[in-house]
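Contents: one structure, followed by commentary.
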Amino acid sequence: MDDLVYTKYKKTHANLSNFAKENPSTSFPTLAELQEKQRHELLEIAQVRYGIKGGKVDIVFTPLDIQPNMSEAQVFKVLLTSPEHERADQILYGLAVGKLNAEMANRVLSGLALLGKFKTMRAE
């Protein structure tokens, strides 16, 4: 009698290479294309969230004075003046209104996430 055991198909480099050779019409997106798509989606999410695209939205925080020519360190310094629970919203709002580019917004949001994890680790 056969055992009913599920074995997961393993994707190896050789299998992917064979797939690409057998299906030349299927092209995978480049890293640059994926990054551009990610930037576009992040910007669109921020614009929809803050009413720049779509309906009217009431913003319940005072936007920080973030300028497009600021460095990442300067943005973090300005963020420290806002309450911790508003910091991610401040970055997304800056992205939505064009004060930050998507790359910097992504880096700052990642930095905020790491800081949050460090705080929870320290609290334990």
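Throughout, read-outs are computed from the coordinates displayed, never taken from laboratory work. In this text, all values refer to a predicted model and were calculated from it rather than measured experimentally. Positions of Cβ are backbone-derived with ideal geometry, glycine not excepted, and every protein chain shown enters the neighbour counts.
Given a Förster distance of 41 angstrom, what is the FRET efficiency for M121 paired with R39, based on the Cβ-Cβ distance and rounded to 0.05?
Working: r = 30 Å, r/R0 = 0.74.
Working from the Cβ atoms, E equals 0.85.
Once a ≥ b ≥ c are taken as the square roots of the eigenvalues of the Cα gyration tensor of segment 27-88, is the result rounded (a/c under 1.5), prolate (a/b larger than b/c) or oblate (a/b not larger than b/c)?
oblate
Order the peptides 73-79, 45-51 from the highest to the lowest mean number of other Cβ atoms within 10 Å of their residues.
On the way: 73-79: 15.0, 45-51: 16.7.
Ranked from most to least packed, the peptides come out as 45-51, 73-79.
When Lys and Arg each count +1 and Asp and Glu each count -1, what net charge do the other residues less than 15 Å away from E86, Cβ to Cβ, add up to?
So the environment of E86 carries a net charge of -2.
Can you compute the FRET efficiency between S27 and V97 using 1/(1 + (r/R0)^6), with r the Cβ-Cβ distance and R0 = 35 Å? Round to the nearest 0.05.
Details: r = 36 Å, r/R0 = 1.02.
It comes out at approximately 0.45.
Label A113 and S82 with points 7 Å out from Cα along Cα→Cβ: what is the distance between them in nm?
For A113 paired with S82, the spin-label model returns 1.8 nm.
Listed highest first by mean packing, meaning other Cβ atoms within 10 Å per residue, what order do 101-113, 84-96, 29-41 come in? Display every interim value, and only then the final one.
Numbers: 101-113: 16.0, 84-96: 19.8, 29-41: 11.2.
Highest-to-lowest ranking by the protection proxy: 84-96, 101-113, 29-41.
Please give me the summed charge of the neighbours of A46: other residues whose Cβ is under 13 Å from its Cβ, Lys and Arg +1, Asp and Glu -1. Working shown, then result.
Details: positive: R39, R49, K53, K99; negative: E41, E44, D89.
Around A46, the surrounding residues sum to +1.
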